[in-house]
1. Could you list, in sequence order, the residues of region 191-210 that are without any contact (Cβ under 8 Å) to a residue 40 or more places away in the chain and part of a helix (DSSP H, G or I)?
2. Here is a list: Glu169, Glu199. Which entry is at negative phi and assigned by TED's automatic domain parsing to the domain that holds Lys52?
3. List, please: which pairs have Cβ atoms under 7 Å, are six or more places apart or on different chains, and start with a residue in region 166-182 that is closer than 21 Å to Tyr235 by Cα and surrounded by 21 or more Cβ atoms within 10 Å (Cβ to Cβ) and end with one that is among the acidic types (Asp, Glu) and modelled with pLDDT under 90?
4. Taking Val295 as the residue in question, decide whether it is in contact with a strand residue (DSSP E or B) (Cβ under 8 Å, 6 or more places away or on another chain) and among the β-branched types (Val, Ile, Thr).
5. With respect to Asp122, is the statement that it is over 22 Å from the mean Cα position of the chain (by Cα), of a type outside the set (Ser, Thr, Tyr) and surrounded by 15 or more Cβ atoms within 10 Å (Cβ to Cβ) true?
6. Residue check, Lys263 against (1) touching a Leu at 6+ places or on another chain (Cβ under 8 Å); (2) modelled with pLDDT of 95 or more, all met but one. Which one?
7. I'd like the full set of residues that are free of Cβ contacts under 8 Å to residues at least 24 places away in the same chain and of a type in the set (A, V, I, L, M, F, W, C), limited to region 69-104.
8. Which residue out of Ala51, Ala37 is in the same structural domain as Leu221 (by TED's automatic domain parsing), on the phi > 0 side of the Ramachandran plot and of a type in the set (A, V, I, L, M)?
Amino acid sequence: MSNSSKYLIIIAGPTAVGKTDLCVRLAKHFDTEVVSADSRQFYQELAIGTAKPTSEEMQGVKHHFIDSHSIADYYSVGDYERDCLAVLEEIFTRKDVAILTGGSGMFIKIVTDGLDEMPEADLELRESLMKRLETEGLESLSAQLRELDPVYFEEVDQQNPQRIVRALEVCLATGQPFSAFRKNQKKERPFECIKIALERPREELYARIDLRMDLMLAQGLEEEARNALPYREHYALKTVGYKEIYEHWDGQYDRDEMVRLLKRNTRRYAKRQLTWFRNQDDFQWFDPKQEAEIVKYIENVML
C-alpha cells in the first residue's frame, strides 16, 4: 500500500444482499471504520424498517451516519456530501483505508463524484408541489416529470418523492429539464475509490428479502411505523417498508395484502437498485460469499 495514498472502499448493492456482514469483516481486516451511505439509516426514529445494523451486528466496528439525525431535521444530499467528506477526512488522518457502504446510489455517487450546481430552491413552488403530492399522490408528479424530463425520469428512484419533487421544481422554475443541470463533472477527491457491488442469484436474493420482511414484522415494524406517524409526510416514510403499512391503515387493503406488497415492493426496489449500480458506475461485481476474492481484489488495487 502506498504511504501517500488513501483508499475509500465502496461496498454497494441491493437491500438484503449482505453488505453489513461483509463490511464488518472487511473493516476488521483492514483495521478501519464504516461510513453509511443509506438515505434512511441516519434517522434515529427508523431502525427496523431501514434494516439498521444493531450494535451486535457492528461487532465493535465504528459506524458513521447511523442514528446521526432526527427525522424532524431536514437533511439533504448536499448536507450529506459536506458531512461525509469531513468524516472521511478525519478517518484518513488515522487510517489509510475507509469503507463506504449502502444501497442509496445517489449518496454514494455524491461522495465519489460530487454534486452538480443546481438552481436555488423555489420555496413557494416546492410548497405547491408538496401539497400536490399529498392530494394527488406520487404517480401524478412522476407522470409530469416523465413528460418534462424523460431522461432524468429513467434514472431517478421513482419511489423517492423528495427527488421527484426537486426535479419537477427545477423543470417548472427554469423551463429546462432537470437533467440539463446535471453536468456530471466529476470532482477531485483526496482519495482513490475502489468500487465493489454485491449480487446474489435472483431467487436467493428474493428469498432473503422475504425472510427479512417476516423478521421485521416480528420485530415490531408496525409499531415503529405507528410511532413515526406524526412524520408520515416525510419522504423517508413514503418509501418501501412504511408506505404499505400506512396504506393498510388507511383501509386500502387488508393486512395479508399489506404483507404481500411489503415483500413484492422490496423485491422491486432491489431490482431497481441493481439496475442503477449496473448503469451508473464502474463497479466490480462479487457474490458476498466471495470474501477472499474481494480482499484480494482490494489489495491488488492498493499495491
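The values are calculated or read from the model by the stated rules, or taken from the named source; none is laboratory data. Since we're looking at a predicted model, the values are computed, not measured. Every residue, glycine as well, gets a Cβ built from its backbone with ideal geometry; the counts of neighbours run over all protein chains shown.
1. Residues of region 191-210 that are without any contact (Cβ under 8 Å) to a residue 40 or more places away in the chain, as a first pass: 201-204, 207.
Residues satisfying the conditions are Arg202, Glu203, Glu204, Ala207.
2. Working: Glu169 fails: assigned by TED's automatic domain parsing to the domain that holds Lys52.
Within the list Glu169, Glu199, the selection yields Glu199.
3. Cβ pairs passing all conditions: Glu169/Asp122.
4. Values: in contact with a strand residue (DSSP E or B) (Cβ under 8 Å, 6 or more places away or on another chain): no; among the β-branched types (Val, Ile, Thr): yes.
So Val295 does not fit the description; no.
5. Details: over 22 Å from the mean Cα position of the chain (by Cα): yes; of a type outside the set (Ser, Thr, Tyr): yes; surrounded by 15 or more Cβ atoms within 10 Å (Cβ to Cβ): yes.
Considered against the rule, which asks whether it is over 22 Å from the mean Cα position of the chain (by Cα), of a type outside the set (Ser, Thr, Tyr) and surrounded by 15 or more Cβ atoms within 10 Å (Cβ to Cβ), Asp122 comes out as yes.
6. (1)
7. First, the residues of region 69-104 that are free of Cβ contacts under 8 Å to residues at least 24 places away in the same chain: 73-74, 76, 79, 82-83, 86, 90, 93-94.
Passing the criteria: only Ala86.
8. Just one listed residue meets the conditions, Ala51.
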